[in-house]
Structure formats: C-alpha cells, structure tokens
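Worksheet: one structure, shown below.
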Amino acid sequence: MKKVFFATSNKNKYLEAKAILRSFNIEVEWLKGDYPEIQAESLEEIASFTAKWVAEKTKKAVFVEDAGLFIQVLNGFPGPYSSYVYKTLGNHGILKLLEGETNREAFFISVIAYCEPTSKPATFIGKVNGTIAYEIRGNKGWGFDPIFIPTEGEGKTYAEMGPKNKNKISHRRKSLEKFGAWLSKYYEKE
Ligand code: IMP
C-alpha cells in the first residue's frame, strides 16, 4: 500500500480522508499540526500555499485540504472565510443571518492540494450543492454539518446522515476521489 501524508489539525478530516482513500489502496498518515494559511479569495490558492510550505519544510509528499461553505443569498459568504466565520458566528450565527430568508441555496467546496518538496502543487476540487436548514439538525457531525442539507441526502443534514453516509456523497469524497484516481495512476508510472 502506498502512503501519503495529510497535513491537518482536524481529526475529522483525517478520518474521512483515511476511509475514502483506503478504497484506492492508499494509506493516509496524519501529519498533525497547525500549518500556515494565507488569507485569499480562492481555496485553491490557500491550499496550494500550505501544501508547498509543508512539503518543503518536511521533505515529504503531502496533501492539505481546504473547504468552504458558499451561501448564495449572501453572495458566497462565508466561502474562503468559513473557518473564521465558524469560530466567530458558528452555526447559530449563520442561521441568524438567514432568518426570514427562503432562498437557502448553498454549496460546499473541498480543494485538495498535493505537493512534493520539489514540485508545484496539483489541485483537485469537489463540490456538493445543497441548502441551509432552518435549524440545527443532527448530532453525528462537526463544523457546519448540522446546518447543511446536501441535495443528494434525502433531506437530511450531513450531521443527521452520519459519517458513513456523508462520506458516500460529500464534497470531500468528490475531491478525494479525483485525487485518489490521479495518485494511483501517478504511482503506477513511478
Ligand atoms: P477548513 O477547510 O478547515 O478551513 O474549513 C473551513 C470551515 O468549514 C471550518 O470551520 C470547518 O469546520 C468547516 N468545514 C469544512 N469541511 C466541513 C465539512 O465537511 N462539514 C462541516 N463543516 C466543514
């Protein structure tokens, strides 16, 4: 089994990536830590910067993942600021911003950036459309999971679906699948 390092401080992300990449016969090792993140408008730019930084620092082939929740009626907010907004406003704050609003459309994006010490980062994107719930729902999730209802989720929030079912359809599943397929081919060539 080939091994790749996942640089993240987020255990939930690590567990999701580990479960999904296993189906590609790729083992994920957790490079646990807080890594520098730039503030930028594009998730690709943010993830690529961190991946390059960690790869150079550790001299390892690594990937990082950056995600964002984009709410249509808020012109895509919080998007690349999702992490800060989650820490400051949280799910209750988002629901408050949408009070009385019937357009609840939103999407989640996950960007993976893979980088080796001497190469440029390669990026992989996953997107899931959905809506924002009217209240917090479900307790089997983390982050925005209790307020995000994916279109393919039969009306349930990610937090009501639980990790197993979320992992079948999530934005992270989609970016990791692209990454896993690319990495498998890449290893074949080596
Ligand atoms: P980041 O990728 O860690 O910067 O994520 C941005 C914000 O979105 C964080 O506050 C996370 O909690 C949240 N987030 C990222 N991915 C997910 C997810 O799969 N479910 C729920 N919240 C998420």
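Express the carbon and sulfur contribution to the solvent-accessible surface of the range 41-190 as a percent, rounded to the nearest whole number, probe 1.4 angstrom.
Exposed carbon and sulfur together represent 53 percent of the surface.
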Rounded if a/c under 1.5, otherwise prolate or oblate - the range 96-190, Cα gyration tensor axes: prolate
Cα-based helix-to-principal-axis angle, 11-22 vs the chain, degrees rounded to 10: 60 degrees
Nonlocal amide H pairs with Phe77, under 5 Å, H built at 1.01 Å: Ile71
Nearest-ten-degree value, helix 158-169 long axis tilted from longest Cα axis of the chain: 40 degrees
Radius 14 Å from Cβ of Asn165, net charge of other residues (Lys, Arg +1; Asp, Glu -1): +2
Within-12-Å neighbourhood charge of Glu29 [Cβ basis; K, R +1; D, E -1]: +4
Share of alpha-carbon pairs per 5 Å distance bin for the chain, given as whole %: 1, 8, 16, 21, 20, 15, 10, 5, 2, 1, 0, 0
Net charge, Tyr134 excluded, C-beta distance under 13 Å - Lys, Arg +1, Asp, Glu -1: 0
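Taking only DSSP H segments of four or more residues, each worth -39500 (n - 2.57), what value at 222 nm results for the chain once the sum is divided by all its residues, to the nearest 500 deg cm²/dmol? All intermediate terms of the calculation are to be shown ahead of the outcome.
On the way: 6 runs with 74 residues, N = 190.
Theoretical 222 nm ellipticity from helices: -12000 deg cm²/dmol.
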Accessible surface, 1.4 Å probe, highest first, among residues Asp66, Asp34: Asp34, Asp66
Label-to-label distance, nm, for residues given as Tyr84 and Glu105 (7 Å Cα→Cβ offset): 2.7 nm
Angle between the chain longest axis and helix 43-58 axis [Cα atoms, degrees, rounded to 10]: 40 degrees
Accessible solvent surface per residue of the chain, calculated while the other protein chains remain in place, 1.4 angstrom probe, Å²: 52 Å²
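The values are calculated or read from the model by the stated rules, or taken from the named source; none is laboratory data. In this text the structure is predicted, and so the values were computed from the model without any measurement. Here Cβ is always computed from backbone atoms with ideal geometry, including for glycine, and neighbour counts include all displayed protein chains. Heavy atoms of the whole protein, side chains included, go into the accessibility calculation; ligands, DNA and RNA do not. Shrake-Rupley method; radii C 1.70, N 1.55, O 1.52, S 1.80 Å.
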